[in-house]
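Visitor: First the structure, which I've put down as structure tokens, then a few questions once you've had a look.
Just so it is clear, none of the values below were taken in a lab; they were calculated from the coordinates. Note that this is a predicted model, so its numbers are computed, not measured. Neighbour counts run over all protein chains shown; Cβ positions are idealised from the backbone, glycine included.
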Amino acid sequence: MLLLDGCFVVEFIQEYYATEEKEEQDQEEEEENNDSIINLEWMKKQVCQDMVLLENKLPFFVLTILHDMTKHHKEVSFLYMVRKTLLDTFPKEKFIPPSKIHNFNTERFNHLVHVIHMFCRPSDNHDECCKITFCDNVLQLTKSKETPKVLGLWDCYHIPSVTELYDTGVRFIRIGYVQEKKEDKTTLFDIKFEKGLMKIPCFTIEDTMETFMRNLIAYEQHSSKVDVYPFFSNYAHIMTQLIGSHRDVKFLHKEKIILKDIGDDK
């Protein structure tokens, strides 16, 4: 069963990558292929979601071996294919640039969830993550290597909601883009507060968001790897306090920090 599932995942990623590359390069319409395992658009997104569920994880070395056995001579690396396949599937995630993938040793990865977590890490080797500072130095929080991975530190503080901060004179601006741009170095975790101005990376709320966040948070909280920092756990903790009601959602939507029309703000 492991081998069968692995073959499906590898073939799906290879086929997805090949299809996307042809579309981007505006090549001639591809001929119908009855052997294709991707027949419908909704199928692509659903399979991508299922592949990164923590309970469905397959050993990454198995996927790598299967890819090496079936790849073409001049085909790009499997990690590059994984990045391309998953990049547009999940909400507002800035994966590391393709140029940095060559620095990764595939033997270090346990499974696809581990790979995605590594792809989403801040690209400039921050020793600090999810830093948020409130005006007049009332509160300074820095998650660093020396700080325990548990969230007890964050629980000691109450972070006011977006509307509460706005009522006290705090201004909000969005930073970054949803679509990947070479000049945009913003990550989801770059929430900054300086001199009465809070900068929050824009994001979309889609069907895939809850599944994506829950799996990455669960991976962080149960991982024994020392290099797995709780980026997503800290981000979720901060955003849960900033967004306490539908009024906060409505405000962020108005400021174009939440970009997609999500219907009822509640």
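Visitor: Please compute the length gained on full extension between T70 and E206, using 0.36 nm multiplied by the number of residues separating them and subtracting their Cα-Cα distance.
Guide: Taking 0.36 nm per residue and subtracting the Cα distance, the gain is 45.5 nm.
Visitor: For a footprinting-style exposure proxy, rank D167, D5, D190, D248 by other Cβ within 10 Å, fewest first.
Guide: Exposure proxy ranking, most exposed first: D167, D5, D190, D248.
Visitor: Give the order of C48, C7 when sorted by the count of other beta carbons within 10 angstrom, beginning with the fewest.
Guide: Going from least to most buried by this count: C7, C48.
Visitor: So what are the ³J(HN,Hα) numbers for the stretch 7-12, from phi and the Karplus equation (6.51, -1.76, 1.60; θ = phi - 60°), rounded to whole Hz, Gly and Pro as x?
Guide: For the stretch 7-12, the Karplus curve yields 4, 5, 4, 5, 5, 4 Hz.
Visitor: Right, something else. If amide H atoms are built 1.01 Å from N in the plane of the peptide, which residues on other chains or at least 5 residues away come under 5 Å of the amide H of I175?
Guide: The list, which skips near neighbours in sequence, is I200, C202.
Visitor: For the pairs K57/K250; K57/K192; K57/K199; K44/K254; K195/K250; K74/K100, flag any whose C-alpha to C-alpha distance is greater than 29 Å.
Guide: Too far apart for the 29 Å limit: K57/K250; K57/K192; K57/K199; K44/K254.
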